[in-house]
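Asks: This is the structure I have questions about; it appears just below.
Coordinate-derived values only; no laboratory data. Because the structure is a prediction, the values reported are computed rather than measured. FYI the Cβ positions are ideal-geometry reconstructions off the backbone, even for glycines, and counts take in every protein chain you see.
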Amino acid sequence: MRKHARHARLGAMTKESKKAIGAGEAGSTGPPLAPGLYIVATPIGNLRDITLRALDTLKGATRVLCEDTRLTGRLLAHFGIKTGMLPYHEHNAAQMRPKILAMLDSGQALALVSDAGTPLISDPGYKLVREAAALNFPVFTVPGPSSVVAALSIGGLPTDRFLFLGFLPPKAAARRMALAEIKAVAATLVFLEAPSRLAATLRDLAEILGPREAAIAREMTKLHEEVRRGMLAALAEAYAKAEPPKGEIVILVGPPLAAEREVAPEAIDMALAGHLSEGLSVKEAVAAVTAETGLPRRTVYAQALALKAARS
């Protein structure tokens, strides 16, 4: 996890834990777990969001693998969990993985957590999961909070198709180049960003991606949770005039507006042909492709008639 995010979470955990539900009543140990690696989601702010299964897993694990032992230690202490911790983060991952795999080989049950949210989502861990799976060690998911899914659920933008892109490059030139590469993606785009770079990133998003709906989700599940929605250019202008906000931020950018999309006729033909081969009528196929592409119905219908005539 990026240093700024880790420090923000550390401070937030201290304040939010005082407002959250009282410490867990269960003991420090839980029911025995089957050997394997458990990927455990933890709260992104409000400690009451932890699941009962997550608590059982953290209690029953041999060790908890974590990015920051101070932050995870506070979480465990809050719920009366005394499982020992083992640091596993981007700086020591290469050295720790062989030791962790050896622990799995000895039949231990290990719980992997990130500083907050679901591990592996913009956090280290995928190499450990991949190597554990390659060695046929069981890998279990204990799902729960995720800032990405939380933001999508309240952002008010299309969620049927989205692309998570994590943190964009901090330097403007590299950031703009990365945005140019994804301009044509017909999906809601999801980014994480530091408060100090939010205004600059929004400016580049508006300039490179063009007219888009967007939402800025900040401090989700915490005391000062906020979502601002609007057109991307308007949000960029507003944040450019204001002081950098505090807390953790998720940026959602809607797919290209219908008027901005460029869909090749061949792609429309393929989509129509696919639906027609499924037994749909021309009217039904046109409705399906219109919904999928956002193109005007008349454009898709004209293409369907042309396709039908070519097949006659």
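Asks: Taking Rh as the Kirkwood radius, which is the inverse of the mean 1/r over Cα pairs, what is the Rg/Rh value for the chain?
Replies: The Rg/Rh ratio comes out at 1.06.
Asks: Using amide H atoms built 1.01 Å from N in the peptide plane, name the residues 5+ places from LEU65, or on other chains, whose amide H lies under 5 Å from its own.
Replies: LEU86, ALA111, LEU112, VAL113
Asks: Equivalent-ellipsoid semi-axes (√(5λ), Cα gyration tensor) for region 263-311, whole Å, largest first?
Replies: Each semi-axis is the square root of five times an eigenvalue, giving 14, 12, 10 Å.
Asks: Let's test this: bin the Cα-Cα distances of region 201-300 at 10 Å from zero up to the farthest pair and state each bin's percent.
Replies: 14, 32, 21, 19, 12, 1
Asks: I would also like to ask the following. What whole-number volume per residue, in cubic angstrom, does the convex hull of the C-alpha atoms of region 148-259 give?
Replies: 90
Asks: Continuing with this model, one more query. Rounding to the nearest 10 and keeping the result within 0 to 90°, find how far the Cα-based axis of helix 172-181 lies from the longest principal axis of the chain.
Replies: So the inclination is approximately 60 degrees.
Asks: Can you say what percent of the DSSP beta bridges in the chain, counting only those with both residues inside, are antiparallel? Round to 5. Could you put the intermediate results ahead of the total?
Replies: Working: 17 of 36 bridges.
The antiparallel fraction comes to roughly 45 percent.
Asks: What is the fewest-to-most order of THR221, THR72, THR42 by other Cβ atoms lying within 10 Å of their Cβ?
Replies: Listing THR221, THR72, THR42 from fewest to most nearby Cβ atoms yields THR221, THR72, THR42.
Asks: Quick one: net charge around ALA173, please, counting Lys, Arg +1 and Asp, Glu -1 for every other residue with C-beta under 15 Å from its C-beta.
Replies: That sum, taken over residues with Cβ under 15 Å, equals +2.
Asks: If you take the charge dipole of the chain about its Cα centre, with +1 on Lys and Arg Cβ and -1 on Asp and Glu Cβ, which of HIS91, THR299, ALA214 is farthest toward its positive end?
Replies: Of HIS91, THR299, ALA214, it is HIS91.
Asks: Sort the following peptides by mean Cβ neighbour count (other Cβ atoms within 10 Å, averaged over residues), highest first: 233-242, 31-40. Provide the component values of the computation, followed by the final result.
Replies: Working: 233-242: 15.6, 31-40: 17.6.
Packing order, densest peptide first, comes out as 31-40, 233-242.
Asks: Net charge around LEU120, counting only other residues with Cβ within less than 11 Å of its Cβ (Lys, Arg = +1; Asp, Glu = -1)? Show your work: numbers first, answer last.
Replies: On the way: positive: LYS127, ARG130; negative: ASP123.
So the environment of LEU120 carries a net charge of +1.
Asks: Also: Order these by the 10 Å Cβ neighbour count, fewest first: HIS224, HIS89.
Replies: Result, fewest neighbours first: HIS224, HIS89.
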